[in-house]
Amino acid sequence: MNYLTTPFYVLLFLLGAFFLLILVGVKFKRIDTEKVGKKISFILCMLFFGGCFFVYYIESKINEEENHTPANLSPNDIDNDNLIRNGGFEEPNLKFWGTGYYEFATKGTMNIFWVSEIIINENGKIKIKPADASGQIDSKIRKFGKYSFKITMRSPMEPDVYASMSQRIDGLKKNTQYVARFWIKAERAGKGTFEITTDDEWKDRKQIDGGEYDWREFKHIFNIGNQTSIDFRIISEEPGTVWVDGISFKRHFPDDKESG
């Protein structure tokens, strides 16, 4: 029994006991049914059955919440094997993101989701122009929980034009395979609208499918080489819009179908 509904059960018990006493009194003619009246009997009946319905409704709602993932997190957010923290973007202010090497090297002056800066020459004048991209938490479109992360890249695809966000993962095993999984919803996206990588040179990347589609799961197996720490990095370098949710990064066991 949930502690929130215990008082309602007590109330129902008292109402039922009171109603039972009236019936006993009437049976043994200790209570005048005319004085009791039909109105009191009707009210007692309505209170009893109304209380039953109310308690049933409250219990069903509580059970429904208890059966859901705690705090509306995605399954990956409460998976002890998942090395990504806040992969469902449920914790505020993109907690745990923005902790990669480049972000650390700037000593906190770089945004969590940041864009590259393009050096251009306009009529002999050198200008620095940032890539046109945005990334933010979205509460309207999500696969799990209450939030996802939305990325929109508007700059055309060209060298050194991108947006990025990363999370540092420590305590890994050298020369070991890890599998990354994530869910994507795409809108006029290219393959390079969303990519992930774990190596410092950003060579081994996993791209998504181009086009427009509802939530689709992607996975990629990385061998981290002679590393015990990596940056799990998100990159966007091709025009389009995507939503990402339910990111996980786990040790890969080839014989484990679920992991592979």
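If I ask for residues that are within 13 Å of Arg168 (Cα to Cα) and either open to solvent by 20 Å² or more (accessible area, probe 1.4 Å) or of a type in the set (Lys, Arg) (or both), which ones from the range 80-107 would you list? Those that are within 13 Å of Arg168 (Cα to Cα) and either open to solvent by 20 Å² or more (accessible area, probe 1.4 Å) or of a type in the set (Lys, Arg) (or both): Leu83, Arg85, Lys95, Phe96, Gly98, Thr99, Tyr101, Tyr102, Phe104, Ala105.
Can you confirm whether Ile112 is of a type in the set (Val, Ile, Thr), surrounded by fewer than 20 Cβ atoms within 10 Å (Cβ to Cβ) and closer than 19 Å to Ser139 by Cα? Yes: the conditions hold for Ile112. For the range 111-127, a tally of residues being of a type outside the set (Asp, Glu), assigned to a strand (DSSP E or B) and within 36 Å of the chain's Cα centre (by Cα) returns 3. The single condition among (1) more than 13 Å from Leu83 (Cα to Cα); (2) of a type in the set (A, V, I, L, M, F, W, C); (3) modelled with pLDDT of 95 or more that Phe253 does not meet is (3). Quick check: is even one residue across the range 184-199 out of contact with any Ser or Thr (no Cβ under 8 Å at 6 or more places or on another chain) and acidic (Asp, Glu)? The answer is yes; a qualifying residue exists. Within the range 159-184, which residues are in a strand (DSSP E or B), open to solvent by 50 Å² or more (accessible area, probe 1.4 Å) and charged (D, E, K, R)? Arg168, the sole residue that qualifies. The condition (being surrounded by 15 or more Cβ atoms within 10 Å (Cβ to Cβ) and more than 20 Å from the chain's Cα centre (by Cα)) is satisfied by just one residue among Ile224, Ile196: Ile224.
Could you look through the range 199-221, keep only residues that are outside any strand (DSSP E or B) and not acidic (Asp, Glu), and pick out the one that is most open to solvent (accessible area, probe 1.4 Å)? Applying the filter and picking the extreme gives Lys203.
Which members of the range 131-148 meet the condition of being assigned to a loop (DSSP other than H, G, I, E, B) and open to solvent by 40 Å² or more (accessible area, probe 1.4 Å)? Hits for the range 131-148 are Asp132, Ser139, Lys140, Ile141, Arg142, Lys143, Phe144, Lys146, Tyr147.
The values are calculated or read from the model by the stated rules, or taken from the named source; none is laboratory data. Keep in mind that what you see is a predicted model, and the values were worked out from it rather than measured. Virtual Cβ from ideal backbone geometry, glycine too; neighbours counted across all protein chains shown. These accessible areas exclude ligands, DNA and RNA; they are computed on the full protein's heavy atoms, side chains included. Shrake-Rupley method; radii C 1.70, N 1.55, O 1.52, S 1.80 Å.
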